[in-house]
1. Can you confirm whether Lys41 is of a type in the set (Lys, Arg), surrounded by fewer than 19 Cβ atoms within 10 Å (Cβ to Cβ) and at pLDDT 95 or above?
2. Kindly establish whether Thr106 is without any contact (Cβ under 8 Å) to a residue 12 or more places away in the chain and either surrounded by fewer than 24 Cβ atoms within 10 Å (Cβ to Cβ) or outside the structural domain of His209 (by TED's automatic domain parsing) (or both).
3. Among Leu142, Leu157, which is of a type in the set (A, V, I, L, M), in contact with a Lys or Arg (Cβ under 6 Å, 6 or more places away or on another chain) and at pLDDT 95 or above?
4. Residue check: is Gly127 modelled with pLDDT under 95 and assigned by TED's automatic domain parsing to the domain that holds Tyr23?
5. Give all pairs with beta carbons closer than 6 Å in which a residue from segment 165-190 that is more than 20 Å from Val85 (Cα to Cα) meets a residue that is of a type in the set (Gly, Ala, Ser) and part of a loop (DSSP other than H, G, I, E, B); count only pairs at least 6 apart in sequence or on separate chains.
6. Quick check on Leu117: is it of a type outside the set (Ser, Thr, Tyr), crowded, with 23+ Cβ neighbours inside 10 Å, touching a helix residue (DSSP H, G or I) at 6+ places or on another chain (Cβ under 8 Å) and assigned by TED's automatic domain parsing to the domain that holds Asp131?
7. In segment 148-176, which residues are part of a strand (DSSP E or B) and charged (D, E, K, R)?
8. If you check Leu99 against the conditions, is it modelled with pLDDT of 95 or more and in contact with a strand residue (DSSP E or B) (Cβ under 9 Å, 6 or more places away or on another chain)?
Amino acid sequence: MIGSFLKRFTGERAGADLPGTVYAIGDIHGRRDLLLELLAKIHSDDPGCKADLIFLGDYIDRGPESAGVVDVLLTDTRIGQRRPVFLKGNHEATLLAFLDDAGHGTAWQRFGGTETLLSYGVRPPRGVSDDREAWEESRRQLSRLLPRAHIDFFRDLALFEERGSYFFVHAGVDPARPAHLQSEAEYLWIRDDFLQDDRKLSHIIVHGHTPEPSPVANRRRVGTDTGAYASGVLTAARIDSAGVRFIST
């Protein structure tokens with residue numbers, strides 16, 4: 001397991017500007033157990049609750065307790081008292097698309113939607129299905145069973161958060177365009193065009209979306225997705241004027 005360790009920026013990014021302290025939490029993907037464990041570690045690390053929390057999206061799918069994760073995000077006082085910011089991930093965007101159009105069901109099923117439906121008490125089509133009628137019935141069930149607070153949560157998610165020299169977003173940004181002037185698809189889905197580029201960016205990008213064996217901190221980005229649903233490792237980056245320190249389950 002990954003412990004708590006420190007990575008400091010050097011060179012031109014040393015002492016990067018950030019008002020206060022932030023914990024940026026990577027992709028949870030239905031692992032309520034790991035979320036509760038990580039919240040306990042964050043509370044122990046900052047018992048005065050002075051730091052803010054920024055969640056980087058992908059709360060649902062793949063893991064077994066998507067509905068339970070959202071319940072924790074909405075009700076746990078260790079979150080509520082820390083001025084949380086909740087960002088949208090591509091998995092939340094897909095759930096919303098499915099609520100509008102059952103035709104998205106087959107694609108959603110392929111990357112974890114079945115587990116989310118089951119967590120809300122919805123019966124998904126059997127196997128990998130393109131049965132439109134079956135998906136429409138699942139869509140109706142989900143619309144009926146989703147608590148109003150959960151629907152509002154999904155619809156109110158932000159696309160990004162800027163704090164000083166840091167830009168928090170789910171997937172990343174297109175290095176060829178200003179961070180603030182990108183499409184929702186780029187904020188939620190980009191991968192290789194962001195990760196494999198080496199151009200200097202206007203901000204240090206703090207993101208999830210792409211699972212990596214260990215969290216990453218360098219002059220361009222802070223990557224927090226350690227594949228929690230499969231690895232059992234959920235990671236938060238504690239960021240302040242001194243640098244970046246990772247805390248993981």
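1. Numbers: of a type in the set (Lys, Arg): yes; surrounded by fewer than 19 Cβ atoms within 10 Å (Cβ to Cβ): yes; at pLDDT 95 or above: yes.
So Lys41 passes the test.
2. Values: without any contact (Cβ under 8 Å) to a residue 12 or more places away in the chain: no; either surrounded by fewer than 24 Cβ atoms within 10 Å (Cβ to Cβ) or outside the structural domain of His209 (by TED's automatic domain parsing) (or both): yes.
No; evaluated as a whole, the condition is false for this residue.
3. Details: Leu142 fails: in contact with a Lys or Arg (Cβ under 6 Å, 6 or more places away or on another chain).
None of the others qualify; the one that does is Leu157.
4. Details: modelled with pLDDT under 95: yes; assigned by TED's automatic domain parsing to the domain that holds Tyr23: no.
No, not satisfied.
5. Every condition considered, the pairs that remain are Ile190/Ala171; Ile190/Gly172.
6. Considered against the rule, which asks whether it is of a type outside the set (Ser, Thr, Tyr), crowded, with 23+ Cβ neighbours inside 10 Å, touching a helix residue (DSSP H, G or I) at 6+ places or on another chain (Cβ under 8 Å) and assigned by TED's automatic domain parsing to the domain that holds Asp131, Leu117 comes out as yes.
7. As a first pass, look at segment 148-176 and keep what is part of a strand (DSSP E or B): 158, 160-163, 166-169.
The answer is Glu161, Glu162, Arg163.
8. On the way: modelled with pLDDT of 95 or more: yes; in contact with a strand residue (DSSP E or B) (Cβ under 9 Å, 6 or more places away or on another chain): no.
For Leu99, the condition - modelled with pLDDT of 95 or more and in contact with a strand residue (DSSP E or B) (Cβ under 9 Å, 6 or more places away or on another chain) - is not met.
The values are calculated or read from the model by the stated rules, or taken from the named source; none is laboratory data. Bear in mind the structure is a predicted one, so any value in this text is a computation, not a measurement. Heads up, the Cβs are rebuilt from the backbone with ideal geometry, glycines too, and the neighbour counts pull from every protein chain shown.
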